[in-house]
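A.B. asks: Got a structure here, written out as structure tokens. Questions coming.
The values are calculated or read from the model by the stated rules, or taken from the named source; none is laboratory data. It should be emphasised that the depicted structure is a prediction, and the values quoted were computed from it without experimental measurement. We place every Cβ from the backbone using ideal geometry, glycine too, and count neighbours over all the protein chains shown.
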């Protein structure tokens, strides 16, 4: 394939073309090597139960896509100031992403006939199915102008008005090392190794041009875009976000998630905005709280997940039956002028802190067509009055513009922004 050919040229540059003779001399063993490289279309077939999600389309996969079980999210700082280098990287990333989401290795794969150079693929996903891997790409405010106000890539005037600097909300204790970023990639899959493999390979491809600013592993999806399925539970043991937008509700997606052609800018039409918030839960305090208070905090029963006074989790809630500061009552669209966001959150546990407390919580991911009309007013309301605030704290924050989908093999992530 042309992707593999291009990649092999860059690899050979590491050892010089003088080594090509050795590689050609090993051609007799090529049949065996080709079976292991993953360069052929049938090298890693999708198979049953771990199928591939289409990479190309009008919208990026990983937004309205049925939520997978695992997450590896990474924010990157761009370390080069060369516009051409950045564009080349985005093209290479797109090629690699297209291959990995379909279950193929990057470039010449993890095993090839050129043993003197590092392989194109790190190899930990060899033999694994695609596991519904999706890779979703975004750009942060600092790509347009960095913290020093420098327009490194000549795109400052193309920054969307809705790509704001998120305000600091009451109760926030944000860690700069876990916030912001020039670029982001959200990898979701049903196999954690497949998701980690994807981010690892993109970081390797970007070495010298980008550096990982921060990353987050997630498990146990806490939201669903398939309303016929039960809503998963968060680390507090509760179901939350049962009114999430369905991935098949085209009208709701068009109204609340996708950036319209008239909303601007033109390069973002068909895209979205992503808010990523790392929310730490005070697990030990929560675990010592009575069941009655826990249910009062959410406005749901813990067993079924039904709103107060109802029997099933998706029953229409009686908001007045809940306490005024109940989370469901405050976050419900009927309490917020119809605001809706598409949630794709995950639970996380990252060991313990210096006091032996579990570092765990919710990695909140929410897509919307304009954060000024969605997340910002909603979070301002919750940050002031939500009873849940006694048990949680927002410690990381980022906002990214998510370009529309990659249309075909000649397209690449962010092309409309740069051309």
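A.B. asks: Are any of the residues in segment 93-107 crowded, with 19+ Cβ neighbours inside 10 Å and at pLDDT below 95?
C.D. replies: Yes, the conditions are met somewhere in segment 93-107.
A.B. asks: Residue 380 - would you say it is farther than 23 Å from residue 234 by Cα, touching a residue at least 60 places away in the same chain (Cβ under 8 Å) and surrounded by fewer than 16 Cβ atoms within 10 Å (Cβ to Cβ)?
C.D. replies: Values: farther than 23 Å from residue 234 by Cα: no; touching a residue at least 60 places away in the same chain (Cβ under 8 Å): yes; surrounded by fewer than 16 Cβ atoms within 10 Å (Cβ to Cβ): yes.
Spelling it out, it is not the case that residue 380 is farther than 23 Å from residue 234 by Cα, touching a residue at least 60 places away in the same chain (Cβ under 8 Å) and surrounded by fewer than 16 Cβ atoms within 10 Å (Cβ to Cβ).
A.B. asks: Right, here's the next one. Looking at segment 307-331 only, could you name the residues that are assigned to a loop (DSSP other than H, G, I, E, B) and surrounded by fewer than 19 Cβ atoms within 10 Å (Cβ to Cβ)? Walk me through how you get there before you give the answer.
C.D. replies: Of segment 307-331, the ones assigned to a loop (DSSP other than H, G, I, E, B) are 308-318, 322-326.
309, 310, 311, 312, 313, 314, 315, 316, 318, 323, 324, 325 - these are the residues of segment 307-331 that are assigned to a loop (DSSP other than H, G, I, E, B) and surrounded by fewer than 19 Cβ atoms within 10 Å (Cβ to Cβ).
A.B. asks: Do you know which residues across segment 115-148 are surrounded by fewer than 21 Cβ atoms within 10 Å (Cβ to Cβ), touching a helix residue (DSSP H, G or I) at 6+ places or on another chain (Cβ under 9 Å) and on the phi < 0 side of the Ramachandran plot?
C.D. replies: Matches in segment 115-148: 115, 116, 117, 118, 119, 122, 124, 126, 128, 145.
A.B. asks: Filter segment 185-222 down to residues that are in contact with a helix residue (DSSP H, G or I) (Cβ under 7 Å, 6 or more places away or on another chain) and in a loop (DSSP other than H, G, I, E, B) and give me whichever is surrounded by the most Cβ atoms within 10 Å (Cβ to Cβ).
C.D. replies: So the residue we want is 206.
A.B. asks: Further question: Could you please tell me which pairs satisfy a Cβ distance under 6 Å, a separation of 6+ or placement on different chains, a first residue in segment 74-94 that is assigned to a strand (DSSP E or B), and a second residue that is exposed (fewer than 14 other Cβ atoms within 10 Å of the Cβ)?
C.D. replies: 77/211
A.B. asks: Next up: Restricting attention to segment 283-321, and to residues there that are touching a strand residue (DSSP E or B) at 6+ places or on another chain (Cβ under 7 Å) and closer than 19 Å to residue 346 by Cα, which single residue is modelled with the lowest pLDDT?
C.D. replies: Checking each candidate, the answer is 305.
A.B. asks: Inspect all residues belonging to segment 349-360 and state whether any of them is in contact with a strand residue (DSSP E or B) (Cβ under 9 Å, 6 or more places away or on another chain), assigned to a loop (DSSP other than H, G, I, E, B), surrounded by 15 or more Cβ atoms within 10 Å (Cβ to Cβ) and at negative phi. Show your work before the answer.
C.D. replies: The initial filter retains those residues of segment 349-360 that are in contact with a strand residue (DSSP E or B) (Cβ under 9 Å, 6 or more places away or on another chain), namely 349-353, 358-360.
Cutting the leftovers down to assigned to a loop (DSSP other than H, G, I, E, B) gives us 353.
Cutting the leftovers down to surrounded by 15 or more Cβ atoms within 10 Å (Cβ to Cβ) gives us none.
Looking for residues that are in contact with a strand residue (DSSP E or B) (Cβ under 9 Å, 6 or more places away or on another chain), assigned to a loop (DSSP other than H, G, I, E, B), surrounded by 15 or more Cβ atoms within 10 Å (Cβ to Cβ) and at negative phi, one finds none in segment 349-360, hence no.
A.B. asks: Just name the residue that is nearest to residue 153 (Cα to Cα) out of those in segment 407-419 that are touching a strand residue (DSSP E or B) at 6+ places or on another chain (Cβ under 9 Å) and outside any helix (DSSP H, G or I).
C.D. replies: Taking segment 407-419 as the starting set, the residues that turn out to be touching a strand residue (DSSP E or B) at 6+ places or on another chain (Cβ under 9 Å) are 413-414, 417.
Keeping just the survivors that are outside any helix (DSSP H, G or I) gives 413-414.
Working: 413: 16, 414: 13 Å.
It comes out as 414.
A.B. asks: Quickly run through segment 151-161 and pick out the residues that are surrounded by fewer than 21 Cβ atoms within 10 Å (Cβ to Cβ) and either in contact (Cβ under 8 Å) with a residue 40 or more places away in the chain or in contact with a helix residue (DSSP H, G or I) (Cβ under 6 Å, 6 or more places away or on another chain) (or both).
C.D. replies: If the condition is that a residue be surrounded by fewer than 21 Cβ atoms within 10 Å (Cβ to Cβ) and either in contact (Cβ under 8 Å) with a residue 40 or more places away in the chain or in contact with a helix residue (DSSP H, G or I) (Cβ under 6 Å, 6 or more places away or on another chain) (or both), then 152, 154, 155, 156, 158, 159, 160, 161 are the ones that fit.
A.B. asks: Please enumerate the residues belonging to segment 223-256 that are touching a residue at least 12 places away in the same chain (Cβ under 8 Å), outside any loop (DSSP other than H, G, I, E, B) and over 19 Å from residue 275 (Cα atoms).
C.D. replies: Selection gives 233, 239.
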